[in-house]
1. Given the residues ASP434, ASP494, which is the only one that is more than 18 Å from LYS88 (Cβ to Cβ), among the acidic types (Asp, Glu) and not in a helix (DSSP H, G or I)?
2. Looking only at the range 254-266, filter to residues that are in a helix (DSSP H, G or I) and surrounded by fewer than 23 Cβ atoms within 10 Å (Cβ to Cβ); which one of those is nearest to the chain's Cα centre (by Cα)?
3. Specify the residue that is farthest from the chain's Cα centre (by Cα); the eligible residues are those in the range 212-231 that are more than 9 Å from ligand 1 (Cβ to nearest atom) and in a helix (DSSP H, G or I).
4. Contact list please: Cβ distance under 8 Å, first residue in the range 433-454 and without any contact (Cβ under 8 Å) to a residue 24 or more places away in the chain, second residue open to solvent by less than 40 Å² (accessible area, probe 1.4 Å) and within 14 Å of ligand 1 (Cβ to nearest atom), pairs at least six apart or on different chains.
5. Hey, SER181 hits all of (1) open to solvent by 10 Å² or more (accessible area, probe 1.4 Å); (2) polar (S, T, N, Q); (3) in contact with a helix residue (DSSP H, G or I) (Cβ under 8 Å, 6 or more places away or on another chain) but one; which does it fall short on?
6. In the set ILE273, ILE285, which member is among the aliphatic types (A, V, I, L, M), out of contact with any strand residue (DSSP E or B) (no Cβ under 9 Å at 6 or more places or on another chain) and either open to solvent by 60 Å² or more (accessible area, probe 1.4 Å) or within 14 Å of ligand 2 (Cβ to nearest atom) (or both)?
7. Can you report the number of residues in the range 288-333 which are closer than 19 Å to GLY180 by Cβ, within 16 Å of ligand 1 (Cβ to nearest atom) and of a type in the set (D, E, K, R)?
8. Return only the number of the condition from (1) exposed (fewer than 14 other Cβ atoms within 10 Å of the Cβ); (2) under 26 Å from the mean Cα position of the chain (by Cα); (3) within 19 Å of GLN168 (Cα to Cα); (4) not charged (D, E, K, R) that VAL427 does not satisfy.
Amino acid sequence: MGNLYLTYREGFPKDLDSTFIENTDGSKISYGELEEESAKYANGLSELGLQPGDRVSVQLNKSHEVVFIYLACLRANLIFHPINTAYKENELSFLLNDAKPSVFICEKEIYKNLSLLDLEESISHIFTLNPADHESIQSIKKEGDHEIVDCSPDHTAALLYSSGTTGQPKGIMLTHGNIGSNAHALKDAWGFSNDDILLHSLPIYHVHGLFVALGCVFLSGSKMLWTKSFDAGQAIELLPRCTVMMGVPTYYTRLVASKDLDKSCVSNMRLFISGSAPLLEDTFIQFYKKTNHHILERYGMTETNIICSNPLEGERKPGTVGMPLKDINLRIVDDSFNTLENEEIGHIQVRGPNVFNSYWNLPEKTKQDFTSDNYFNTGDKGFVDKDGYLSIVGRTKDMIISGGLNVYPKEVESLIDSFDEVEESAVIGLADKDLGESVTAIIVLNANFHLGEDDIIFRLKKDIAGFKVPKKVIFVDDLPRNAMGKVQKNILRDKYQ
Ligand code: MLC
Ligand code: AMP
């Protein structure tokens, strides 16, 4: 059987009363409850008439119920589609129109304003999560055993969207096999065991908090201390009870910045893992000085889950993301796809059981991103050193990573350019101590028009998630362009850094 739920379940502890999640209010969820509740949701979803392959879209704040629903989808072989809670109506409408889910579960606020969503087709079943609501998804739960639906490991388990250089989000179909193989590779690479307690502060609508973190926990039957979001003070209070932490680099820069971080609060910790964005060498060093821990940096992306990791045993080299995980092939190629030698910078390509099969309804895009020998072109540039460690030195895709969240400049530029007062704009990422990169808009106004930074930010906030909205707006007379007429963003970055 290739169903990922069964893969996960093999790792559950023998004693199903063992804690799976401990919430910050002290309440606990056991593995037994995880089994029972996911079965009840799976029964309920099946009774709604959903068939394997139907999508269940979920835009909910972080909660253990979302994990139940994720596992219910796996059990019933439905496609789980998590959505960032920061997305505004326009962004949400696009995703729902594209994914065409049979079920959409959202917060009450969205439910009350469903009429604001521009939906091409109505969604058969729309729910909230709160049990007190008449329309709560909890009302569909049905007691009793659930027979797990058999499926091939190639069946899609989850649909996650990532924007693209054209500005339109594309759905990435991850299979049961993709997620399961990567979870096994990570559990082994990072030495997860039943004794581990993971500090889980990440959102669960991305690969990092959902598949990377939960996969390691399920497969080792370990426990999590579960927080709604990341807060450095709260993390420092909880760390003495934990053995592992996963986070984006911003979590670590915020921990380092806190005067309360010291060796005593990490005395039980065996591992700190960072990923989703580059970890600065300075953070690596400062963190070591304060804690005696070398942060383990790893590299991944939504299309591939995790590709490379620094070792658990052996040297963790700052500025590198380590070596490919088990069964994953990585190569560095030039513009003509010739494989390069160690130390030579080129495009990073990857092949393995972790790599997605295709984009949702975008066969041409899928074809473009894979080579004839089935390597996926990551859009990242880097080199491998003599010891086999990969360093990422840049990207061919125009993308900003702010606090571990990707922002595609094209999407923000298109919106800014749609304002009557604006002639043109360029959106760039500038180095930022806290967020890694901060979104910055450089704008040329039409003659005789006036618009301030606040006006731009106010208008954008209505249409796009807050993390995409520029933290700074700079008005200029013109944008630098090369002979082909392309805006030279490198010049803008150098000038405004
Ligand atoms: C929130 N805000 C951000 C932001 N997050 N702005 C820029 N970048 C971000 N990442 C804005 C909000 O819009 C809001 O603005 C204000 O900051 C306060 O919101 P908040 O939610 O209270 O912010 P904060 O708690 O400080 O959140 C920052 C953060 C969070 C870094 C803790 O963004 C986070 O947890 N990021 C992790 C993302 C993640 O999981 N990435 C993994 C992707 S998977 P306003 O103006 O409205 O007040 C992947 C694959 C892989 O990449 O390899 O792992
Ligand atoms: P996403 O599509 O949101 O999963 O983002 C994936 C991208 O994040 C990758 O293609 C890289 O550009 C970047 N990324 C992830 N981890 C790292 C890392 N450790 N160092 C540098 N970039 C990273």
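1. One residue alone meets the criteria, ASP434.
2. ARG254
3. SER220
4. What qualifies is GLU453/VAL473.
5. The number of the failed condition is (3).
6. Checking each option against the conditions leaves just ILE285.
7. The qualifying residues number 2.
8. VAL427 satisfies all of (1) exposed (fewer than 14 other Cβ atoms within 10 Å of the Cβ); (2) under 26 Å from the mean Cα position of the chain (by Cα); (3) within 19 Å of GLN168 (Cα to Cα); (4) not charged (D, E, K, R) except (1).
The values are calculated or read from the model by the stated rules, or taken from the named source; none is laboratory data. Since the model is a prediction, treat every value here as computed from it, not as a measurement. Methodologically, a virtual Cβ is constructed for each residue, glycine included, from the backbone with ideal geometry; neighbour enumeration extends over all protein chains shown. For accessibility, only protein heavy atoms count, side chains too; no ligands or nucleic acids. Shrake-Rupley method; radii C 1.70, N 1.55, O 1.52, S 1.80 Å.
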